[in-house]
Amino acid sequence: MPVQHLEQIFQQKIDNETKIEAKDWMPDAYRKTNLRQISQHAHSEVVGMLPEGNWISRAPSLKRKAILLAKIQDEAGHGLYLYSAAETLGQSRDEMINDLHSGKAKYSSIFNYPTLSWADIGAIGWLVDGAAIMNQVMLTRTSYGPYARAMVRICKEESFHQRQGFEILLVLSRGSAEQKSMCQDAINRWWWPSLMMFGPRDSESTNSDMSMKWKIKRKSNDELRQNFVDMIAEQIKVLGMKLPDDHLQWNESRNHYDFGNINWDEFWNVVKGNGPCNKQRLDARRKAHEEGRWVREAAIAYAEKKNSKLKREEAA
Amino acid sequence: MKNNFLQKFYYGDIPEEKGASGQYTTSHDTTQWPLWEVFIRSKNGLDHKHAGSLHAADAQMAIENARDVYTRRMEGVSIWVVESKYITASNPEEAGELYEPAMDKIYRHPTFYELPDEVNHM
Ligand SMILES: [Fe+2]
Ligand SMILES: [Fe+2]
């Protein structure tokens, strides 16, 4: 069948809201875009465990420690679901992990910021998971079946992440003067990077957008970002805290909150590897991978030994 | 085809040329844990349903990992694992021929038969 014809059938399926499955024909660029996006998403889940892991041993109570552990374990699971979805597109797990460790593959820049106080764990759950959820809810309807299914599973688990984060801040916001200022400080530091999570402004996209045509994405960066601002600007009132933006203001005519300018130089700088923790994060990942090698090899050796023993017994 | 129309940098979709260059190379593992498909029965009385996949050195480890990632919130009472390489899938390109025989047998459906309104419970 000629390629144009295949492309037509493919686009028809997308237009009719039929999901694309792993063995279906798809344009090369669709495969590549999905592979890049899903694997980067997987890397983000995995690297995202590091800033939070920093606080497991220092969580203020046993309850908080158990909750944080459970949340981080969820993130590891999210990484797994996504790597599995990416593998259906024909890249091996080993290759993906290698691309992460070599610096070739990216992960969400938000995880290159440090977690300086316990309040940061609250701010991450509320703002960072909150921003991720906005994206992920949209992605439950993405056109590639395995990715969409992974997103459904992930979204079911995410809402606890955001709620526990908000609750951490809520407790601090009702605490001592020192706790209140910790709370405000964490919000100040995480607010702008959270807004950057949605990516550059729509106006920076000059060409027609295939991700929309292929329904990999269904909302633009600015649309999602605006939804997020509208949500958070209301929720923060419950905390009695302030978002660090003097331009934040309800706009009656737009029916949305207006907000100030994002520092895009900072964004690109962190993407390029110059964020506060880029090096630390990659070093931690590489170290874990290298030091885990003997475990992976031992497990395989053990499985092979058991297998050959089983075969010998069957033969006897 | 150069994929130059993808200009938008969505969450988790940063073009690689915009990132830091990689100077670090890891040595690949010499062996890979095989891939397993996981099926979970959510409660007795229901079928096992495909839940996802994972890597594990052997079946026992696959079950233990499946428990850890797919049943953390009591999603299951029973787990099956099977090495992915043992699954044979039908070819989507042959779907037309494969399912064609079912297509023209509408008399297999109850709605094919028009009965008088007086006939109840059928
Ligand atoms: Fe997650
Ligand atoms: Fe999360």
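Taking segment A:135-156 as the range and being more than 17 Å from residue A:210 (Cβ to Cβ), away from ligand 1 (no atom under 14 Å from the Cβ) and within 11 Å of another protein chain (Cβ to nearest Cβ) as the test, the residues that pass are A:146, A:149. State all residues of segment A:200-228 that are modelled with pLDDT of 90 or more and within 7 Å of chain B (Cβ to nearest Cβ); if no residue qualifies, say none. Within segment A:200-228, A:221 is the sole residue that qualifies.
Results for (1) of a type in the set (Phe, Trp, Tyr); (2) within 16 Å of ligand 1 (Cβ to nearest atom); (3) within 11 Å of another protein chain (Cβ to nearest Cβ), shown as yes or no for each residue.
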position	(1), (2), (3)
A:35	no, no, yes
A:38	no, yes, yes
A:55	yes, no, no
A:59	no, no, no
A:65	no, no, no
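Here residue B:89 meets each of (1) within 26 Å of residue B:32 (Cβ to Cβ); (2) hydrophobic (A, V, I, L, M, F, W, C); (3) touching a helix residue (DSSP H, G or I) at 6+ places or on another chain (Cβ under 8 Å) with one exception, condition (3). Here the condition is being within 14 Å of another protein chain (Cβ to nearest Cβ) and either touching a Leu at 6+ places or on another chain (Cβ under 9 Å) or open to solvent by 50 Å² or more (accessible area, probe 1.4 Å) (or both); of A:242, A:237, A:311, it holds for A:311 alone. Within segment A:90-105, residues that are within 8 Å of another protein chain (Cβ to nearest Cβ) and free of Cβ contacts under 8 Å to residues at least 40 places away in the same chain reach partners that are hydroxyl-bearing (Ser, Thr, Tyr) and surrounded by 20 or more Cβ atoms within 10 Å (Cβ to Cβ) with beta carbons closer than 8 Å, at six or more positions or on different chains, in the pairs A:93/A:83. Only residues that are touching an Asp or Glu at 6+ places or on another chain (Cβ under 7 Å) and within 12 Å of ligand 2 (Cβ to nearest atom) were counted across segment A:28-70, and they come to 4.
Of all residues in segment B:48-96, those that are charged (D, E, K, R), closer than 21 Å to residue A:145 by Cα and free of Cβ contacts under 8 Å to residues at least 12 places away in the same chain total 3. For segment A:73-89, the count of residues that are within 16 Å of ligand 2 (Cβ to nearest atom), more than 13 Å from every other protein chain (Cβ to nearest Cβ) and modelled with pLDDT of 95 or more is zero. Only one of the listed residues (A:1, A:26) is at pLDDT below 95 and part of a loop (DSSP other than H, G, I, E, B). That residue is A:1. Residues A:211, A:203: which one is touching a Lys or Arg at 6+ places or on another chain (Cβ under 7 Å) and under 30 Å from residue A:38 (Cβ atoms)? None of the others qualify; the one that does is A:211.
Taken across segment A:136-151, residues that are within 16 Å of ligand 2 (Cβ to nearest atom) and more than 14 Å from the chain's Cα centre (by Cα) do not occur at all.
Consider residue B:32 against the criteria (1) assigned to a loop (DSSP other than H, G, I, E, B); (2) within 13 Å of chain A (Cβ to nearest Cβ); (3) loosely packed, with under 10 Cβ neighbours inside 10 Å: it satisfies all of them except one. Which criterion is unmet? Result: residue B:32 fails condition (3) only.
Could you please find all residues in segment A:14-31 being under 20 Å from residue A:140 (Cα atoms), free of Cβ contacts under 8 Å to residues at least 60 places away in the same chain and surrounded by 14 or more Cβ atoms within 10 Å (Cβ to Cβ)? Within segment A:14-31, A:24, A:26, A:31 qualify. Among the conditions (1) closer than 23 Å to residue A:87 by Cα; (2) more than 30 Å from the chain's Cα centre (by Cα), the only one that residue B:79 does not satisfy is (2).
Checking each residue in segment A:157-181 for being within 16 Å of ligand 1 (Cβ to nearest atom) and either open to solvent by 60 Å² or more (accessible area, probe 1.4 Å) or of a type in the set (Ser, Thr, Tyr) (or both) picks out A:159, A:160, A:163.
The values are calculated or read from the model by the stated rules, or taken from the named source; none is laboratory data. Predicted model, so just to flag it, every value in this text is computed and none were measured. No Cβ is skipped: glycine too gets one built from the backbone with ideal geometry, and neighbour counts run over all protein chains shown. All accessible areas refer to the heavy atoms of the entire protein, side chains included, with ligands and DNA or RNA removed. Shrake-Rupley method; radii C 1.70, N 1.55, O 1.52, S 1.80 Å.
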